[in-house]
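Asker: Below are the structure tokens for one structure; questions will follow.
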Amino acid sequence: MSTVRWVSPPRPADVDYDEARVPPFELPDVLVASDGTRIASAEAWRARRRPELLELFSREVYGRTPPPVPVRVAVASVDEQACFGLVTRRELDVTVGEGDGSAVLRVLVFVPRGARGPVPAFLGINLLGNHTVHPDPKIRLATGWVPQSPETGIPDHEPTEASRGMHARRWPVELLAAAGYALVTVYAGDIDPDHPYARERGVRYALRDALDLDAGDAWGAISAWAYGLSRVLDALEQLPEIDAARVAVIGHSRFGKAALWAAARDERFALAVASGSGCAGAKLSRRRFGERVAHITTRFPHWFCKNFHAYADREDALPFDQHALLALLAPRPVYIASAEQDLWADPKGELLACLAASPVYALFGRSGIDVSPEAIRLNVSYGDHIGYHRRPGGHDILAADFWHVLAFARRHAIQESGASH
Ligand code: GTR
């Protein structure tokens, strides 16, 4: 039995869901630097405003990370006949750090067979273990602590045989393979366990000498996950079957936050996709609707650096808002998926962030998204370099989301080589 027993506290009751009562708010202009200078060119954005915003998000929200360290990659298993011969499935052990306490990220890779060259890939973190993304009984069970909740039915934070494939709906391996994409995933707990207690596992532990973990700006779990995604991309650069220049980082909810932060920091990611990423993801923090900074820092204190906690109920004091996170991806494409009933994540607040990030894309001569919030219809994908859709239903990522995401990826040439679009 795991020694850490922790279940995320329930959502609070004091949540604003009444659109008519959302107070007006003013967003900091993403194109005005801290000293008041207007940013008027792509060069000035890159040279000045982008580094400044990366610094601000590191210091005030997610926490600083150490510089990249080299990874060691070992192939733990290969099955060339997975999914009835549609894909080759590999499990890689990607080691971060040296010696005692190094982190071993167990990376699950599904590559479509018969491709004409290296394939594009979607890379994302899973919540409950690699064995939950597909029912294939040969996939290794996760090790260590896993979250426990009524939904998972996982007792005592132990990975179980019964939980195999339980999140397969979020990881449409066959759909992606048939469309020419690899799928790569890693269990969050291998990178950084998702609980607020002391841990002797993951990248923050492996690299514990690199940073003072008690500092107000030291990395929280979201930064650790983002760092881990970059280390997995390092490993993918060593796999000839995958085109590392066409890797989309994707995540749902807490991992949508991590996907956006990973792609903001690491420009090797060709595309970022965030579903239901909400508070501290794509949602504007200043909009008083759904989950807010006070809620998230109370329920999940370990996701952020300590400095972020000071913005609980003081969102207006943040020198930026989450539209600046999306803007950090410019000029690369970014896709935001939300769901009608996922009010906690504030679908409208996510769309408003997309709109407010668009002027940065314009600096690069690209259009982001231009649609009025009132015009949004369900199941329609909007936008150009910033994509957005809202589907019916609640907090999840489903094949219906992937259909829009695949069309968007193809439109931006993140597709099988030789395929036309
Ligand atoms: C919620 C949390 C959200 C979101 C979600 C998830 O309870 O408040 O910000 O991250 O968990 O990851 O499913």
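Asker: Taking the chain as a Gaussian network, where each spring joins two C-alpha atoms under 10 Å apart, which residue of Gly393, Gly97, Gly256 fluctuates the most?
Answerer: In this elastic network of the chain, the residue with the biggest mean-square fluctuation among Gly393, Gly97, Gly256 is Gly393.
Asker: Ok, one more. Given a 1.4 Å probe and every protein chain left where it sits, what share in percent of the accessible area of segment 267-348 is carbon and sulfur?
Answerer: That share works out to 51 percent.
Asker: From the residues Ala74, Ala362, Phe320, which one has its Cα farthest along the dipole of the chain in the positive direction, the dipole being from +1 and -1 charges on Cβ of Lys/Arg and Asp/Glu about the Cα centre?
Answerer: Result: Ala362, furthest along the dipole toward the positive end.
Asker: With only Lys, Arg, Asp and Glu charged, each at its Cβ (+1 for the first two, -1 for the last two), find how big the charge dipole of segment 84-186 is about the Cα centre; round to the nearest 20 debye.
Answerer: Roughly 580 debye, rounded to the nearest 20.
Asker: Rounded, prolate or oblate: which fits segment 102-169 when a ≥ b ≥ c are the square roots of the eigenvalues of the alpha-carbon gyration tensor, with rounded for a/c under 1.5 and prolate only if a/b beats b/c?
Answerer: Because a/c hits 1.5 or more and a/b exceeds b/c, segment 102-169 counts as prolate.
Asker: Of all DSSP beta bridges in segment 32-411, what percent run antiparallel (nearest 5)?
Answerer: 50
Asker: Can you pull out the trypsin sites (Lys or Arg not before Pro) in segment 349-411 that DSSP calls coil and that have at most 14 other Cβ atoms within 10 Å?
Answerer: Passing sites in segment 349-411 are Arg377.
Asker: Full-extension gain between Ala310 and Leu378, please, as 0.36 nm times their residue separation minus the C-alpha to C-alpha distance.
Answerer: 20.8 nm
Asker: Once both labels are modelled 7 Å past Cα along the beta-carbon direction, what's the Phe364-Arg64 spacing in nm?
Answerer: Label at Phe364, label at Arg64, 2.7 nm between them.
Asker: Still on this model: Please label the shape of segment 32-411 as rounded, prolate or oblate, based on the square roots a ≥ b ≥ c of the eigenvalues of the alpha-carbon gyration tensor (a/c under 1.5 means rounded; beyond that, a/b larger than b/c means prolate, else oblate).
Answerer: Note, shape of segment 32-411 comes out rounded.
Asker: Follow-up. Only Cα pairs under 8 Å and at least 6 apart count here; give the relative contact order of segment 279-421 as a rounded whole percent.
Answerer: 23
Asker: Do you know the relative contact order of the chain, to the nearest whole percent, from alpha carbon pairs under 8 angstrom that are 6+ apart? Present the calculation step by step, with values, prior to reporting the outcome.
Answerer: Working: 941 pairs, mean separation 73.4, N = 421.
Answer for the chain is 17 percent.
Asker: Fully extended, how many nm does the chain gain between Ser77 and Gln341 (0.36 nm per residue separation, minus their Cα-Cα distance)?
Answerer: 91.0 nm
Asker: Shifting gears a bit: Of the options Val184, Ser223, Pro28, report the single residue whose Cα projects farthest towards the positive end of the charge dipole of the chain (beta-carbon charges: Lys, Arg +1; Asp, Glu -1).
Answerer: It is Val184.
Asker: Order Lys348, Lys283, Lys306 by their accessible area, 1.4 angstrom probe, all chains in place, largest first. Write down the numbers at each step before the final one.
Answerer: On the way: Lys348 60, Lys283 0, Lys306 110 Å².
From most accessible down to least: Lys306, Lys348, Lys283.
Asker: If contacts are Cα pairs under 8 angstrom and at least 6 residues apart, what is the relative contact order of segment 1-140 in percent? Mind dumping the intermediate values first?
Answerer: Details: 118 pairs, mean separation 16.1, N = 140.
In percent, rounded to a whole number, it is 11.
Asker: Now, a different point. Grab the Cα-Cα distance for Ser102 and Leu398, subtract it from 0.36 nm times how many residues apart they are, and report the gain in nm with one decimal.
Answerer: Full-extension gain reported as 103.2 nm.
Asker: Evaluate the charge dipole of the chain about its Cα centre and quote only its size in Debye, nearest 20, assuming +1 on the Cβ of each Lys and Arg and -1 on the Cβ of each Asp and Glu.
Answerer: 540
Asker: Continuing with the same structure: Which of Ser277, Phe255, Thr298 sits farthest toward the positive end of the charge dipole of segment 252-306, with +1 on the Cβ of Lys and Arg and -1 on the Cβ of Asp and Glu?
Answerer: Thr298
Asker: Continuing with this model, one more query. So how do Asp316, Asp18 rank on accessible area, 1.4 Å probe, biggest first, that is with the largest at the start? Intermediate results must be reported in sequence, preceding the final value.
Answerer: On the way: Asp316 115, Asp18 75 Å².
Largest accessible area first, the list is Asp316, Asp18.
Asker: Using a 1.4 angstrom probe on the protein heavy atoms only, line up Ser34, Ser253 by accessible area, largest first.
Answerer: Sorted by accessible area, descending: Ser34, Ser253.
Asker: Shifting gears a bit: Let me know the shape class of segment 334-421, please: from the alpha-carbon gyration tensor, a ≥ b ≥ c as square roots of the eigenvalues, rounded when a/c is under 1.5, otherwise prolate if a/b is greater than b/c, or oblate.
Answerer: Cα axes put segment 334-421 in the oblate bin.
The values are calculated or read from the model by the stated rules, or taken from the named source; none is laboratory data. In this text, all values refer to a predicted model and were calculated from it rather than measured experimentally. Every residue, glycine as well, gets a Cβ built from its backbone with ideal geometry; the counts of neighbours run over all protein chains shown. Protein only, heavy atoms only, side chains kept; ligands, DNA and RNA dropped before computing areas. Shrake-Rupley method; radii C 1.70, N 1.55, O 1.52, S 1.80 Å.
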